[in-house]
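Report on one structure; see the data block that follows.
The values are calculated or read from the model by the stated rules, or taken from the named source; none is laboratory data. What you see is a predicted model, and the numbers here were worked out from it, not measured in a lab. Don't worry about glycine lacking a Cβ; one is built from the backbone with ideal geometry, like all the others, and counts go over all protein chains shown. The protein model used for the area step is the full one, side chains on, heavy atoms only, and it has no ligands, DNA or RNA in it. Shrake-Rupley method; radii C 1.70, N 1.55, O 1.52, S 1.80 Å.
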Amino acid sequence: MMRKQIITLLLCLSLFLVQMPAAHSAALPGEAGQTYETSFTGGEISLKGSGSQQQFFTVMEYWNIDKVMINLHFQASQINEDTRSSVTLSLNGIPFHSFRPSRENNGQQSLSVEVPKGFVTEGTNTLGIQGNLRTDTGGYQLCNVDDMQDSWLHLFNTSNIAVKYTTKAITGGIQDFSSRFSGMDTVKKEQSLLTVPQNASGAELESATYALSGFVKGNTLNDTTIPLLPYRESTVEDKRAVVLVAMYDHLPDRLKRLVSTADDLGTHAVIQLVDKESQPTLIVTSKDESLLIKAGRLMASRTLMSQISKDLKVVDGTTHVVDPAPPISTNITFTDTGDKLTGPNHQEQTYFVSLPSNRSIADDGKISLDFRYAANLDFNRSLVTVSINNTPIGSKKLTKELANGDVLNLNVPQSLNISGNFTVTVAFELELASILCTPNRDEMPWAYISKESLMRLNTKDRTDLLLGNYPYPFLRDGIFNRVAVVLPKEKDDYTYRSLGNIFNMLGKYAGGNTGDVHYYSDTVTAGNLKDNNIIAIGTYKDNKVIRDNNDKLFFKYNKDGSTLLSNEKLAIEEKYGAGIGTLQLLESPYEGGRGLLAVTAVRSESNFIVSKLIGSEKDRWKVYGDGVVADKDGTVNAYRFKTITGAEPESLASRVMERTDVLGFVTAAVLMVALVVVALLLLLRKHKKKRGDQA
C-alpha cells in the first residue's frame with residue numbers, strides 16, 4: 001500500500017513540473033559565456049606604405065569582459081620585403097602587437113591576437129592598424145621609399161573583433177533594463193521583444209508605439225529591428241528582455257499579481273520591472289487609457305528612462321514626460337575641444353551631422369575650417385581636403401607661412417542634394433620631405449582641427465510625397481506629424497511585425513515625444529482621417545482605407561482583391577500579383593497636402609516582406625519614387641508615378657524673406673537706390689527752378 005502511494009506521489013510531482021510556466025523554470029539567457037563579433041566596416045580595406053586604418057567596436061556597460069580577440073584575414077603584396085615590412089596594432093592609441101606579414105601562400109594569411117584587457121574601455125573602442133610596408137628592392141637601393149604603390153596589405157572584410165563576455169546581473173532598475181533591451185547583442189540575437197495584447201486597443205498600440213520609438217534610438221544596428229508581437233508564452237519563452245504594454249485587465253494573470261499598487265491604477269500608470277532573475281519583463285499598465293499613453297510617452301524619452309534607477313516608476317497626471325523639441329541648428333561646431341591627427345601621409349577625421357530627415361541643405365551653406373599643422377612638412381605635396389558624404393567639396397595646399405594658424409572657407413554645393421544625417425570628413429596629406437635613411441616617426445607630422453571650426457547651414461523642408469523623402473510626411477522636424485494608422489480589425493502576427501518594422505525607422509528618426517500617433521480599425525470614418533497623414537496596413541479585404549481608395553492606388557486590385565493588376569510601369573501575371581507586397585505613397589484622399597502610405601498585398605505575409613524595406617537602413621536605398629513592389633525572392637522594383645508632387649517651388653520673394661542676411665542687404669540696396677532717385681529729383685527740380693529764374 002505504501003509503495004502505491006509513493007508511485008502516485010511521484011506521478012503527481014512529475015505532472016506538476018511539466019505544467020510549470022517556462023518563464024519560471026528557464027535560466028536567464030546570457031548567463032553563460034557569449035561572444036559578440038564586430039566585422040570590419042567600410043568593405044575591404046588596404047594599407048599602402050606607411051598607411052593606417054581605424055576600426056571601432058563597442059563594449060556594453062553590462063558586460064563582464066573575458067577577453068577580446070582581433071581576428072585578421074589579409075593578403076600582403078607578393079614583393080613586400082619580409083624582414084622590413086611590419087604592421088602594428090593599437091587599442092585606444094596604445095600599441096599592443098606587431099607582426100611581419102609573410103609572402104608565403106601568395107601573401108594570404110590569418111592572425112588572431114588577444115588584446116590586453118586593461119586597454120579595453122566601456123563604450124566605443126578604437127582599433128588602430130598602422131602599416132610600415134616596404135618593397136623588396138633586390139639590393140639596388142640603399143633606402144626604401146615610403147608609400148610605394150606595390151607595398152600594400154589588403155584586409156578582407158571577414159576580419160573581425162570578437163568580444164567574449166558574460167552579462168552582469170541587473171542592478172540598475174529600469175535604466176539598466178532599458179540599455180539591455182536595446183543593446184546590440186540582445187537585438188542582434190533577437191532576444192528583445194516589445195509586446196501588446198492580442199487584438200490590442202488603439203490606446204495600447206499608441207503607447208507601445210511611443211515606447212518603441214524610444215527603445216529603437218538605442219539600437220545601433222542598421223540591419224536588425226526590435227519586433228512587435230502579441231504577448232504569448234510561446235513568443236516570449238526564449239527572450240532575454242520583454243516589454244509588455246497593456247491595460248491592466250488585459251495582463252496575463254501571473255503578471256497581474258506582480259504589479260504594485262494595482263488597486264490605484266485608475267489614477268496612475270506604472271512602469272515596473274519584474275522577473276529580473278528569470279526573464280526580465282518591463283510591464284507598462286494602467287486602468288486609464290490616457291495615463292497608459294502618457295507612460296508610453298515617458299518611455300519615448302531616452303533621457304528620462306536613463307534616470308530611473310528603481311524597478312518601479314509611477315506616472316500620474318502631474319508627472320512631467322515632455323521632451324524638448326529637437327533643435328534645428330544653423331551653426332554646427334565639429335569638435336568641442338579640438339582634434340589632433342598624427343602620422344605621415346593620409347590622415348582624416350570624420351564628423352557626424354544630424355538633421356531631421358525631411359530637411360535638406362539650402363543655398364549658401366558654408367564650412368569654416370580652422371586648423372594648424374607641423375612646419376616640417378614637404379609643402380609642395382601637403383594639402384587638406386574637405387568632403388561631405390565622401391564627395392570632395394574643396395582642397396587647400398598647406399604652406400609653411402600659415403602653419404600656426406590656417407583657415408579654409410568653403411561653400412556647400414546645393415547640387416549635393418543632402419537631407420537628413422550626413423558626414424563631413426577632413427583629410428590631410430601630411431607629406432614629409434624625403435631624407436636619406438631617416439625613419440619617419442609617428443609624432444613627426446601632425447595636424448590639429450580647432451574647436452573654432454564650424455558649419456553654417458540653411459535648411460528647407462522637403463515636401464514632395466516621395467519615398468526618397470521618407471519618413472516625411474509622417475515626421476516633420478523630428479516630430480510625429482499627425483499620424484493616423486489604420487489596421488485590420490483582426491490582426492495576425494504579420495500585421496504586428498509590419499507595424500513594428502515601420503515604427504522602428506520612424507522612431508529612430510523621431511526627436512521629441514510631443515507628436516501624435518492614433519490608431520483606427522477597419523470601421524474608421526473619413527472624418528477621423530481628415531487632416532492626418534495616414535499609414536494603412538492590410539489587404540483589399542480587411543482594410544477599409546485600401547478598399548475605398550483602390551481606384552487611386554498606383555498598383556490596383558482586381559474586383560475581388562485576389563491579385564494586383566498590371567499598370568503602365570509593370571506587367572503583373574495573376575499568380576505573381578497575388579504574392580507581391582507594395583509600398584504606395586500618394587496624396588491623402590481625405591485632405592489636400594497630407595499623405596497616405598499604403599502597405600498592402602493580397603496576403604499579410606507579403607505586407608511583412610515589403611515593410612522590411614522601410615524597417616531599417618539596410619534596405620532603405622532600394623526605396624524611392626512613390627510605388628515599390630517586392631516579392632518573396634528579394635526582388636525589389638521602385639517606380640515614380642506622380643509627375644508633380646508636394647509643395648510648389650519657392651518663389652524668389654519667399655526665399656529672400658526667409659533669409660535675414662539677404663533681406664537686410666536687399667533692404668539697404670533699395671534704400672540706397674531710393675536716396676539716389678530722391679537726390680536726382682531734387683537736383684532736377686533745382687535745375688528747372690534756376691532756369692525759370694534766369695528766364
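Details
- In this structure, residue 240 qualifies as more than 27 Å from residue 55 (Cα to Cα), buried (at least 21 other Cβ atoms within 10 Å of the Cβ) and in contact with a Lys or Arg (Cβ under 9 Å, 6 or more places away or on another chain).
- One residue from 546, 534 being at pLDDT 95 or above, touching a Lys or Arg at 6+ places or on another chain (Cβ under 8 Å), buried (at least 18 other Cβ atoms within 10 Å of the Cβ) and outside any loop (DSSP other than H, G, I, E, B): 534
- Residue count for segment 394-413 under the criterion of being under 28 Å from residue 459 (Cα atoms) and open to solvent by 60 Å² or more (accessible area, probe 1.4 Å): the result is 4.
- For segment 580-602, the set of residues classified as in contact (Cβ under 8 Å) with a residue 60 or more places away in the chain and either surrounded by fewer than 23 Cβ atoms within 10 Å (Cβ to Cβ) or of a type in the set (Gly, Ala, Ser) (or both) consists of 586, 587, 590, 591, 594, 595, 598, 601, 602, listed by residue number.
- Near pairs, Cβ below 9 angstrom, 6+ apart or cross-chain, from segment 306-332 (touching a residue at least 12 places away in the same chain (Cβ under 8 Å)) to any residue that is among the aromatic types (Phe, Trp, Tyr): 311/177; 332/351
- Contact annotation: no residue pair with Cβ atoms under 8 Å, 6 or more positions apart or on different chains, pairs a residue in segment 546-560 that is among the small types (Gly, Ala, Ser) with a partner that is open to solvent by 30 Å² or more (accessible area, probe 1.4 Å).
- Residue in segment 569-579 that is least open to solvent (accessible area, probe 1.4 Å), counting only those that are of a type outside the set (Ser, Thr, Tyr) and in contact (Cβ under 8 Å) with a residue 24 or more places away in the chain: 577
- Among the candidates 422, 474, residue that is of a type in the set (Phe, Trp, Tyr) and modelled with pLDDT under 95: 422
- Output for segment 93-128, where each listed residue is small (Gly, Ala, Ser), free of Cβ contacts under 8 Å to residues at least 60 places away in the same chain and more than 17 Å from residue 153 (Cα to Cα): 93, 118
- Selection status of residue 541, of a type outside the set (Asp, Glu), open to solvent by 30 Å² or more (accessible area, probe 1.4 Å) and not in a helix (DSSP H, G or I): yes
- Residue ID - farthest from residue 560 (Cα to Cα), chosen from residues in segment 603-638 that are of a type in the set (Asp, Glu) and surrounded by fewer than 19 Cβ atoms within 10 Å (Cβ to Cβ): 617
- Applying the condition of being under 27 Å from residue 458 (Cα atoms) and aliphatic (A, V, I, L, M) to segment 484-523 and asking which residue is modelled with the lowest pLDDT yields 510.
- Of all residues in segment 117-137, those being surrounded by 15 or more Cβ atoms within 10 Å (Cβ to Cβ) and either outside any strand (DSSP E or B) or under 30 Å from the mean Cα position of the chain (by Cα) (or both) number 11.
- Segment 78-92 residues that are over 26 Å from residue 68 (Cβ atoms), paired with ones that are assigned to a strand (DSSP E or B) (beta carbon under 8 Å, 6 or more apart): 79/135; 80/135; 80/152; 80/153; 81/135
- Top-ranked residue in segment 463-498 [being in a loop (DSSP other than H, G, I, E, B) and of a type in the set (S, T, N, Q); ranked as surrounded by the most Cβ atoms within 10 Å (Cβ to Cβ)]: 481
- Of all residues making up segment 68-112, the number that are exposed (fewer than 14 other Cβ atoms within 10 Å of the Cβ) and among the aliphatic types (A, V, I, L, M): 1
- Exactly one residue out of 361, 367, 328 is of a type in the set (A, V, I, L, M, F, W, C), open to solvent by less than 60 Å² (accessible area, probe 1.4 Å) and under 30 Å from residue 513 (Cβ atoms), and it is 361.
- Counted residues, segment 333-358 - those being part of a strand (DSSP E or B) and open to solvent by 30 Å² or more (accessible area, probe 1.4 Å): 9
- Qualifying residue in segment 45-58 (condition: open to solvent by 70 Å² or more (accessible area, probe 1.4 Å) and at pLDDT below 90): yes
Residue-by-condition table, conditions (1) within 28 Å of residue 483 (Cβ to Cβ); (2) outside any loop (DSSP other than H, G, I, E, B); (3) touching a Gly at 6+ places or on another chain (Cβ under 9 Å); (4) not small (Gly, Ala, Ser):
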{"position": "176", "(1), (2), (3), (4)": "no, yes, no, yes"}
{"position": "190", "(1), (2), (3), (4)": "yes, no, no, yes"}
{"position": "194", "(1), (2), (3), (4)": "yes, yes, yes, yes"}
{"position": "198", "(1), (2), (3), (4)": "yes, no, no, yes"}
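- The sole residue among 235, 195, 225 that is closer than 27 Å to residue 518 by Cβ, open to solvent by 10 Å² or more (accessible area, probe 1.4 Å) and in contact with a strand residue (DSSP E or B) (Cβ under 7 Å, 6 or more places away or on another chain) is 235.
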